[in-house]
Amino acid sequence: QPSSGSVLDHVGFSVANLDATLKDLEADGAKVTTPAREVAGLFKLAFIEDPWGVRVEVVQDPAKLGLHHIHLRAPDPAAALSWYADKFGGTVGKLKDRIDGIDYGGVWLLAQRGEATPSQGHAIDHIGFRPLNVDSVVAGLKTKNVKVTTEPRPLTLPSGATMRLAFIEGPDGARIELVQRF
């Protein structure tokens, strides 16, 4: 299912030249769903949907290129952001002094008001956090009544990289992976 309308509604990427990037994305099969426009006080932006149903906001923010933000959809955006700040920290603030969110080292977690469906099975199935120790983080989250959907377990990738991972459920059915790489 497409990501639009899910609790993990879309991701945002910042590029140096929005118009040129949109042309390249369209040539590669992306569909422009909202043409480029300048938003006063923010940046120039557009929305696309990739061939797999991922909704992507492409922005031209020279202050931050690359992965820019993850945008949640929630009936109560303030409560959702409060939950993430309580469980994962970050710096609560306003992106460009305008949009409430949490800054995780230059990548923002934002939330907009709206009904949402759980993320599992959508084009953006889950988001991830990389704690230092998955087992201790999961134990701490359990004390905060967070639902653990997959207990911590080891995983070895075909490349030979090893990790420990777990999954939890966030507000409104957001699927969240916790990954500890070794």
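With respect to PRO77, determine if the residue is out of contact with any His (no Cβ under 8 Å at 6 or more places or on another chain), under 14 Å from PRO171 (Cβ atoms) and open to solvent by 40 Å² or more (accessible area, probe 1.4 Å). It is false that PRO77 is out of contact with any His (no Cβ under 8 Å at 6 or more places or on another chain), under 14 Å from PRO171 (Cβ atoms) and open to solvent by 40 Å² or more (accessible area, probe 1.4 Å). Close Cβ contacts (under 6 Å, 6 or more residues apart or on different chains) running from residues in region 127-148 that are over 29 Å from GLY12 (Cβ atoms) to residues that are at pLDDT 95 or above and surrounded by 12 or more Cβ atoms within 10 Å (Cβ to Cβ) comprise ASP135/PRO152. I'd like the full set of residues that are open to solvent by less than 20 Å² (accessible area, probe 1.4 Å) and either touching a helix residue (DSSP H, G or I) at 6+ places or on another chain (Cβ under 8 Å) or farther than 18 Å from HIS69 by Cα (or both), limited to region 115-146. Correct list: SER119, VAL134, VAL138, LEU141, VAL146. Looking across PRO35, PRO77, PRO62, one residue alone is at pLDDT below 95, at negative phi and not charged (D, E, K, R). It is PRO62. Figure legend. Inter-residue proximity from region 3-17: first residues under 15 Å from LEU95 (Cα atoms), second residues among the basic types (Lys, Arg) and surrounded by fewer than 20 Cβ atoms within 10 Å (Cβ to Cβ), beta-carbon distance below 8 Å, spacing 6+ or different chains. Indicated pairs: SER14/LYS64. For region 26-45, taking the residues that are over 17 Å from ASP61 (Cβ atoms) and touching a strand residue (DSSP E or B) at 6+ places or on another chain (Cβ under 7 Å), the one that is surrounded by the fewest Cβ atoms within 10 Å (Cβ to Cβ) is identified as PRO35. Filtered by the rule that a residue be hydrophobic (A, V, I, L, M, F, W, C) and either farther than 14 Å from LEU18 by Cβ or in a loop (DSSP other than H, G, I, E, B) (or both), region 43-57 gives PHE43, TRP52, VAL54. Within region 62-71, identify whether any single residue is of a type in the set (Gly, Ala, Ser), in contact with a helix residue (DSSP H, G or I) (Cβ under 7 Å, 6 or more places away or on another chain) and either open to solvent by less than 60 Å² (accessible area, probe 1.4 Å) or under 21 Å from ASP100 (Cβ atoms) (or both), and answer yes or no. No, region 62-71 has no match at all. Give region 35-45 a look and list any residue that's within 17 Å of ILE99 (Cβ to Cβ), of a type outside the set (D, E, K, R) and touching a residue at least 12 places away in the same chain (Cβ under 8 Å), or say none. Those that are within 17 Å of ILE99 (Cβ to Cβ), of a type outside the set (D, E, K, R) and touching a residue at least 12 places away in the same chain (Cβ under 8 Å): GLY41, LEU42, PHE43, LEU45.
Evaluate region 113-131: report whether one residue or more is touching a Pro at 6+ places or on another chain (Cβ under 7 Å), part of a strand (DSSP E or B) and under 30 Å from GLU49 (Cα atoms). Yes: one or more hits. Residue count for region 58-90 satisfying the condition of being farther than 22 Å from GLU177 by Cβ and in a strand (DSSP E or B): 3.
The values are calculated or read from the model by the stated rules, or taken from the named source; none is laboratory data. Just so we're clear, the structure is a prediction, and the values are computed from it rather than from any experiment. Neighbour counts are summed over all protein chains in view; Cβ atoms, including those assigned to glycine, are modelled from backbone coordinates with ideal geometry. The protein model used for the area step is the full one, side chains on, heavy atoms only, and it has no ligands, DNA or RNA in it. Shrake-Rupley method; radii C 1.70, N 1.55, O 1.52, S 1.80 Å.
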